[in-house]
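Just so it is clear, none of the values below were taken in a lab; they were calculated from the coordinates. Everything quoted here is computed from the prediction, not taken from an experiment. In this analysis, Cβ positions are derived from the backbone assuming ideal geometry, glycine residues included, and neighbour counts consider all displayed protein chains.
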Amino acid sequence: METSSKITKVGIIGAGQMGSGIAHVCAQFGFDVLLYDIAKEVIDDSLISIEKQAKRLHEKQRITKNDYKAICSNILKSTNLEDFSDRELIIEAATEEEEIKKSIFKTLLPIIHHNAILATNTSSISITRLAAATDRPQAFIGVHFMNPVPVMKLVEIIKGITTDDVTYQTIIDFISKLDKTAVTSQDFPAFIVNRILVPMLNEAMFILYEGISNVNDIDQAMKLGANHPMGPLELADFIGLDTCLSIMQVIFNGSGDSKYRPCPLLVNYVEAGWLGRKSGKGFYDYSQNVPVPS
Ligand SMILES: NC(=O)c1ccc[n+]([C@@H]2O[C@H](COP(=O)([O-])OP(=O)(O)OC[C@H]3O[C@@H](n4cnc5c(N)ncnc54)[C@H](O)[C@@H]3O)[C@@H](O)[C@H]2O)c1
């Protein structure tokens, strides 16, 4: 492992929704992938679902037979972080808790190669702060894939204050090899997409909260008036209202600007356990075949 710009071996930590998607895409484009999760059964489930999804994409002719074969053969499962000693790039995609992420990096540091790049898929935690908890803040970077990873073209690259240019260029090159488009953000909570998107959803909730309009009309307005494929309240339910609230809180606390205060209706819904689609109720009720406004 001479220079970090020649990445062929990728290690992924966390085999949930995002880790599985990242493994899928890396394997598809020929990278040698090692996938680890603290919960051993999650890795097996992940490998099964990656293969199923790849099969579906192949049947729909969205990927070639060779892509399908590459996805099935390029991912190895790992149940021991010691296996990560030969990885050139390690992407952490574990649960969104700072202490969990820091403890993963602490365990990895004595094991991994001194040239290996460390990356995190965090949506909200400071890249600079995570980098400072490692022995290589210059080779630490945020790579924020979008969900679902095999479908979404964008990856946000987040430079911490200490991230150096070699690391940044290596990751830009890596992302282009995955046939994704990279955009770069400085290290501020919610980065670009969520910083724009989630306050817009919050504003739609204020429109409802202030009695200016109703659920149907707000969603209809943005679908027909701004050409959005989903209305903002429908989209908030899809993302998860708890996730929307936590992103708003991160932006609000990070900026100290009252324009980012979470809508009280959002707070109430989350406190009531109305988390959107995943809990069966949010701005819409999903108990019938066709969702109806709650
Ligand atoms: N879900 C999204 O839409 C989305 C989008 C972009 C980024 N992200 C970010 O990606 C990361 C993962 O999110 P997700 O949606 O895949 O979550 P998830 O809950 O589906 O998966 C997280 C996985 O991390 C594992 N894990 C927990 N502690 C671990 C440890 N110590 N070592 C190894 N694995 C551990 C869990 O067992 C779980 O399988 C988070 O940082 C999240 O903010 C999520």
Kyte-Doolittle cut-off 0.5, length cut-off 20 Å along the helix's own axis using Cα: show which whole DSSP H helices in the chain pass.
193-209, 241-255
For GLU97, GLU88, ascending order of other Cβ atoms within 10 Å (fewest first) is GLU97, GLU88
Only helices counted: for the chain, with every DSSP H run of 4 or more residues adding -39500 (n - 2.57) and the sum spread over all residues, [θ] at 222 nm is -13500 deg cm²/dmol
Give me Rg over Rh for the chain, both radii from the alpha carbons and Rh done the Kirkwood way, two decimal places.
0.99
Distant alpha-carbon pairs in the stretch 1-87 (separation over 17 angstrom), percent:
45
In nm, to one decimal, how far is the modelled label at HIS114 from the one at VAL193, with both set 7 Å along Cα→Cβ?
3.7
Extreme residue, positive dipole direction of the stretch 193-293, given options ILE251, LEU201, VAL270 (C-beta unit charges)
ILE251
Per 10 Å bin, what percent of the C-alpha pairs of the stretch 1-153 does each bin hold, from zero upward?
12, 43, 35, 10, 1
Specify whether the C-alpha gyration tensor of the stretch 102-191 places it in the rounded, prolate or oblate class, a ≥ b ≥ c being the square roots of the eigenvalues: rounded for a/c under 1.5, otherwise prolate if a/b is larger than b/c and oblate if not.
prolate
Which links in LYS65/LYS101; LYS106/LYS278; LYS153/LYS259; LYS223/LYS278 stretch past 27 Å when you go from one Cα to the other?
LYS65/LYS101; LYS106/LYS278; LYS153/LYS259
Rounded, prolate or oblate (a/c below 1.5 giving rounded, otherwise prolate when a/b exceeds b/c) for the stretch 215-294 by Cα gyration tensor:
oblate
Amide hydrogen neighbours beyond the local backbone of PHE191, cut-off 5 Å, H modeled
none
Work out the length of the dipole vector of the chain about its Cα centre, built from +1 on the beta-carbon of each Lys and Arg and -1 on the beta-carbon of each Asp and Glu, and round it to the nearest 20 debye.
600
Give me the distance between the Cα centres of the stretch 144-172 and the stretch 44-101, rounded to whole Å.
18
Amide H within-cut-off set for LEU76, under 5 Å, with H built and near neighbours excluded:
VAL33, LEU34, LEU35
